[in-house]
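Bear in mind that the values in this text are calculations on the coordinates, not laboratory data. Treat the numbers as computed from the prediction; the structure is a model and nothing was measured. Glycine gets a Cβ as well: all are built from the backbone with ideal geometry, and neighbour counts include every protein chain shown.
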Amino acid sequence: MKNRSIAIDGPSGAGKSTLAKRLAQELGFLYVDTGAIYRTVGLAACRRGIDPSDADKVVPMLPELTITMGYGKDGLQHMFLDGEDVTRAIRENEISICASKVAAIPAVRAFLLEMQRRTAQEHDVIMDGRDIGTVVLPQADVKLFLTASPQARAERRYQELLERGQQADFDQVLREVVERDRRDTDRETAPLRQADDAVLADTTGLDLEGSFQLLLGLIRERVDV
Ligand code: DC
C-alpha cells in the first residue's frame, strides 16, 4: 500500500515544526523536519568558514558531507553530520541565517531532494518545509500552508530563544523574520509559495491548542486517519 503523506509549508516561525510534531504523534506518522536538513548543510558551511551564499564554495563541499537523519527513542528526529549529532547545534540563531542562504542554491536543493522523497516512500510522513507541497511531494495526500503575521511569528521565535536561555532582542528577531521571509520567497529555485491545491491555515491570534485542532480538523477532512 502506498504510504500517506501530509505536506506542511509556510514561513519561518508559523509553528510548523511544533504542530507537525504533535500531529505526527497523534496520527502515528513519522515527522520529517526538512529545515533541519538545510540547517545541517548551513552548519557545515559556516563551520568551514565558507560564505553560505557562495555557490562556488558550497557546492564542492556537498559530496564531502555525510548527512543522515535518525529517530531517537523519544521519536524525535536527530541530525547527524559526519557521524556527529548536531541536533542542538543547528538551532543556533546564526545557523538559521546560514541555512536560509545555502537553501537558495539550486544544487543544494537538488542534493537534498532524494533524501526527502525516499523518506516519504518508506513511511507515512508529515513533512514540513517551504517547498514540500510544490516540489518535494507534489502528490501529497494533504497540503497545508501554515502562516501567521510577521509580528506574531517574531514574538514566538523571541520567546523560544529566551526559553532556551539565549539572548534576544525583539526588533532584531522581527527584522530577521522579515529578511528570511524575503530570501525564502524571492529565491529562484523552489521559492516559498502556497501550492495551488494547498489549504491556507492562518494561526495569527490562535494559541498552540487552537492551531493544533484547526490542522487536525483540516487533515481529517481529507484523509482517513
Ligand atoms: O524551517 P527552518 O527555519 O528550520 O528552515 C531553515 C531554513 O531552511 C529556512 O530559512 C528555509 C530553508 N528551508 C528551505 O528552503 N526548504 C525547506 N523545505 C525547509 C527549509
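Quick notes on this one:
- Rg of the Cα atoms in the range 140-225, relative to 2.2 N^0.38 Å, amounts to 1.27.
- Within the range 7-74, the proportion of Cα pairs with more than 14 Å between them is 67 percent.
- Paramagnetic reach from ALA89 in the range 54-73 [backbone N under 12 Å; point 7 Å along Cα→Cβ]: 66
- Cα gyration tensor category, rounded, prolate or oblate, for the range 136-189 with a/c compared to 1.5: prolate
- Segment THR68-LEU200, length gained on full extension (0.36 nm per residue, minus Cα span): 44.4 nm
- Each residue, ARG182 and ARG220, gets one label point 7 Å from its Cα in the Cβ direction; the gap between the two is 4.2 nm.
- Space enclosed by the convex hull of the alpha-carbon atoms of the range 52-95, per residue, Å³: 80 Å³
- When Rg and the Kirkwood Rh are both derived from Cα coordinates, the Rg/Rh ratio for the chain amounts to 0.94.
- From largest to smallest, the equivalent ellipsoid semi-axes obtained for the range 1-127 from the alpha-carbon gyration tensor read 25, 15, 14 Å.
- Using θ = phi - 60° and Karplus 6.51 cos²θ - 1.76 cosθ + 1.60, couplings along the range 147-157 (whole Hz; Gly, Pro as x): 9, 6, 4, x, 5, 4, 6, 5, 4, 5, 4
- Rounded to the nearest 20 debye, the dipole magnitude of the chain is 220 debye, with +1 charges on Lys and Arg beta carbons, -1 on Asp and Glu beta carbons, and the Cα centre as origin.
- Residue pairs, from the table LYS16/LYS57; LYS2/LYS57; LYS21/LYS101; LYS73/LYS101; LYS16/LYS101; LYS2/LYS73, whose Cα atoms sit over 28 Å apart: LYS16/LYS57; LYS2/LYS57; LYS73/LYS101
- Per-peptide packing, taken as the mean over residues of other Cβ atoms within 10 Å, places 120-132, 4-16, 193-205 in the sequence 4-16, 120-132, 193-205 from highest down.
- Relative to the current alpha-carbon distance between PHE80 and GLU114, full extension at 0.36 nm per residue lengthens the span by 10.5 nm.
- Antiparallel DSSP beta bridges within the chain, as percent of all bridges there, nearest 5: 30 percent
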